[in-house]
Amino acid sequence: MWTKICGVTTTESARAVRDAGASAVGLNFFSESKRFISVSAAAEIANVFRTHGTKTSPPDIVGVFVNSEVTDIARTSDEVGLTAVQFHGDETQDLICRLHDARPNLLIIRALRVSLERLDEYMRTIDDLQKRVPLAACLLDAFVAGEFGGTGMTVDLRIPALYLQQTRPRLILAGGLTPENVAGIVEQANPWGVDTASGVETSPGIKHPDRCAMFVYEATKLRGPSGQRLASC
């Protein structure tokens, strides 16, 4: 089971994520987010988190971008040392392909804010995109009008079931996941990975060490340790 704790904004929170044994840390570069972080601060956090990994199983350091330019994403990835990019906005397929062409070693997560009413549209988006660019995973987050994630709302669990009916990129489930509900949702939805931000926080961007540890434990107790990595395609 792959576990990501997203929206980390301090080195103290990075240590909490590292010590909890999470598979990945998420760094948010969307300037309008409550969890926005500068490139220099992200590089410092990434260095803290790397101490959790090994040569054979390095950690996933994921940059979250919303409608950024390819040049900005590439530059940020280089300066921070990102291993993966999560597209969490309204990016076109062409933009995602250009980023892959510019940085082919960067793993790509396509995030979608999903609702049952528009599910067919979302699935076509993923199916079309994976024909053009290799996707490490697809992240499904709850759709909330005017928001780009981090809302604490959960995904309708009929959606991952429908997603998994066909061969698609590995499924990461996000949206409203907490230490209290993640085990039950993993059991019902059967995702490859899970992602939380607000569910382990004392305030936006500040992670509580005990809640981080509890989240990883609860997420993995039914599916094995948090040892998966995005590169193990």
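The values are calculated or read from the model by the stated rules, or taken from the named source; none is laboratory data. As the structure is a computational prediction, the values presented were derived from the model and not from experiment. Here the Cβ positions follow ideal geometry from the backbone for every residue, glycine too, while neighbour counts run over all protein chains shown.
Couple of notes before you dig in:
- Residues in the range 78-105 that are in contact (Cβ under 8 Å) with a residue 40 or more places away in the chain and in contact with a strand residue (DSSP E or B) (Cβ under 9 Å, 6 or more places away or on another chain): 7 in all.
- Qualifying residue in the range 202-217 (condition: of a type in the set (A, V, I, L, M, F, W, C), assigned to a loop (DSSP other than H, G, I, E, B), in contact (Cβ under 8 Å) with a residue 12 or more places away in the chain and crowded, with 21+ Cβ neighbours inside 10 Å): no
- Of all residues in the range 10-30, those satisfying the criterion of being outside any strand (DSSP E or B), surrounded by 24 or more Cβ atoms within 10 Å (Cβ to Cβ) and in contact (Cβ under 8 Å) with a residue 60 or more places away in the chain are Ser13, Val17, Ala22, Ser23.
- Answer residue from the range 106-143, given it is without any contact (Cβ under 8 Å) to a residue 60 or more places away in the chain, touching a Cys at 6+ places or on another chain (Cβ under 8 Å) and assigned to a strand (DSSP E or B) and is surrounded by the fewest Cβ atoms within 10 Å (Cβ to Cβ) among those: Leu112
- For the residues Ile159, Ile172, the requirement of being part of a strand (DSSP E or B) and either buried (at least 22 other Cβ atoms within 10 Å of the Cβ) or at pLDDT below 95 (or both) singles out Ile172.
- Hits in the range 36-83 - residues which are within 20 Å of Ala231 (Cβ to Cβ), of a type in the set (D, E, K, R) and either modelled with pLDDT of 95 or more or within 16 Å of the chain's Cα centre (by Cα) (or both): Asp60, Asp78
- Selected residue (criterion: nearest to Lys207 (Cα to Cα)) from residues of the range 33-48 that are in contact (Cβ under 8 Å) with a residue 60 or more places away in the chain and either part of a helix (DSSP H, G or I) or not aliphatic (A, V, I, L, M) (or both): Arg35
- Only one of Ala219, Ala174 that is of a type in the set (A, V, I, L, M) and closer than 20 Å to Arg15 by Cβ: Ala219
- Checking each residue in the range 95-105 for being surrounded by 16 or more Cβ atoms within 10 Å (Cβ to Cβ) and part of a loop (DSSP other than H, G, I, E, B) picks out only Arg103.
- Selection of the range 179-201 for residues being part of a helix (DSSP H, G or I) and surrounded by fewer than 15 Cβ atoms within 10 Å (Cβ to Cβ) yields Gly184, Glu187, Gln188.
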